[in-house]
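To keep things clear, I will list the structure first and then write my remarks on it.
The values are calculated or read from the model by the stated rules, or taken from the named source; none is laboratory data. For clarity, every value in this text was computed on a predicted model and none was experimentally measured. In this analysis, Cβ positions are derived from the backbone assuming ideal geometry, glycine residues included, and neighbour counts consider all displayed protein chains. Ligands, DNA and RNA are stripped out before the accessible areas are found, and what is left, the full protein with its side chains, is counted by its heavy atoms. Shrake-Rupley method; radii C 1.70, N 1.55, O 1.52, S 1.80 Å.
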Amino acid sequence: MNSYRAEALVLKSQDLNEADKLLTLFSLEDGKIRAVARGARRSRNRLLAPSQPFSHSHLLLFPGKGLDTVSQGEITESFRSLREDLTKMVFSSYAAELVDEFSQERDKSPAVFYLLLEFFRFLSQDKPPEIGLRFFQLQLLTSVGFRPELGQCVNCGAVLDGGAKSAPPAFSPALGGVLCPRCSREAEKVMGLSAGGLASLQFLLTATWPTLSRFRPQPEQMAELERLLEAYIDERLEKRPRAREFLHLAVKPDEI
Ligand SMILES: [Zn+2]
């Protein structure tokens, strides 16, 4: 079989044996790929750098019977600071885990590739990691078909006009969006949603990386976004992502 090229980010790099690494990659051309980097654990190996977690490389791969093999790699961006700074590492690991969990092998998605690449760049430029993460999460959910519904009740379809006199809606992680006040009284596991929380979600759904700098939420809005998005993600994945635990250790309120 013929070799193929891939522009890829390393989601995960695991030791396979004394010499080799097993890489989980997300490529522009083919989406998620699992491949062996032979010799990548050896200090002078040419695949050592392209096998580091989060690195952005151009690779040449050979298809195998089981796993493919990386035969050549050239680093484009090493993203070294994401491995050396604990906070950045935790945020990068969590984002990589979410991409891994929400994607199937060989399910191509250039949008997800560029989203993760831009988040790594955002983190490496010392921008506020938690704001970047919430934007990343909403955009990832949208790209994989789980965009939360914010405009109308996910139970009865009533349009929520958001007028000042209307009662605040609620959020249902299980149903994937907002509930009108009437439905929220009957549904189970409903979360409160403040006007500021809803506005933050709406801003992040339509923001871009350049416009994200205009987002200046209050700490309580960030806490609300965290609760809603993490509950929604757990509901979609039917589990808690592993890297979430470390996120709580790395984030201090004054860093938001
Ligand atoms: Zn309703």
Legend entry - Answer from 115, 98 - the residue that is within 21 Å of residue 14 (Cβ to Cβ) and of a type in the set (A, V, I, L, M): 98
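Restricted to the stretch 185-226, and to residues that are among the polar types (S, T, N, Q) and closer than 15 Å to residue 148 by Cβ, which residue is nearest to the ligand (Cβ to nearest atom)?
The first filter runs over the stretch 185-226 and keeps only residues among the polar types (S, T, N, Q), leaving 194, 200, 202, 206, 208, 211, 213, 218, 221.
Then drop every residue that is not closer than 15 Å to residue 148 by Cβ, which leaves 200, 202, 206.
Details: 200: 22, 202: 18, 206: 24 Å.
Within the stretch 185-226, the match that is nearest to the ligand (Cβ to nearest atom) is 202.
Name the residue that is farthest from the ligand (Cβ to nearest atom), counting only residues in the stretch 128-156 that are open to solvent by 50 Å² or more (accessible area, probe 1.4 Å) and more than 11 Å from residue 205 (Cβ to Cβ). Full working, then the answer.
Filtering the stretch 128-156 down to residues open to solvent by 50 Å² or more (accessible area, probe 1.4 Å) leaves 128, 143, 145-147, 149, 152, 155-156.
Checking the rest, the ones that are also more than 11 Å from residue 205 (Cβ to Cβ) come to 128, 143, 145-146, 152, 155-156.
On the way: 128: 35, 143: 27, 145: 22, 146: 20, 152: 8, 155: 4, 156: 3 Å.
The qualifying residue farthest from the ligand (Cβ to nearest atom) is 128.
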Legend entry - Pair list, Cβ < 6 Å and 6+ apart or interchain, from the stretch 10-21 residues that are of a type in the set (Gly, Ala, Ser) to residues that are open to solvent by less than 80 Å² (accessible area, probe 1.4 Å) and not in a loop (DSSP other than H, G, I, E, B): 13/21; 13/23; 13/51
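Consider residue 26 carefully, then state whether it is assigned to a loop (DSSP other than H, G, I, E, B) and either closer than 20 Å to residue 110 by Cβ or at pLDDT below 95 (or both). Step through it out loud before you land on a result.
Details: assigned to a loop (DSSP other than H, G, I, E, B): no; either closer than 20 Å to residue 110 by Cβ or at pLDDT below 95 (or both): yes.
No.
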Inset, instruction - Please state which one of 79, 91, 119, 113 is within 16 Å of residue 246 (Cβ to Cβ) and buried (at least 16 other Cβ atoms within 10 Å of the Cβ). - result: 91
Legend entry - Residue tally, condition more than 20 Å from the chain's Cα centre (by Cα) and exposed (fewer than 11 other Cβ atoms within 10 Å of the Cβ), over the stretch 190-218: 2
Legend entry - Enumeration of residues in the stretch 219-235 that are open to solvent by 20 Å² or more (accessible area, probe 1.4 Å) and aliphatic (A, V, I, L, M): 223, 231
Inset, instruction - Check off (1) assigned by TED's automatic domain parsing to the domain that holds residue 85; (2) surrounded by 15 or more Cβ atoms within 10 Å (Cβ to Cβ) for residue 248 and give me the number that stays unchecked. - result: (2)
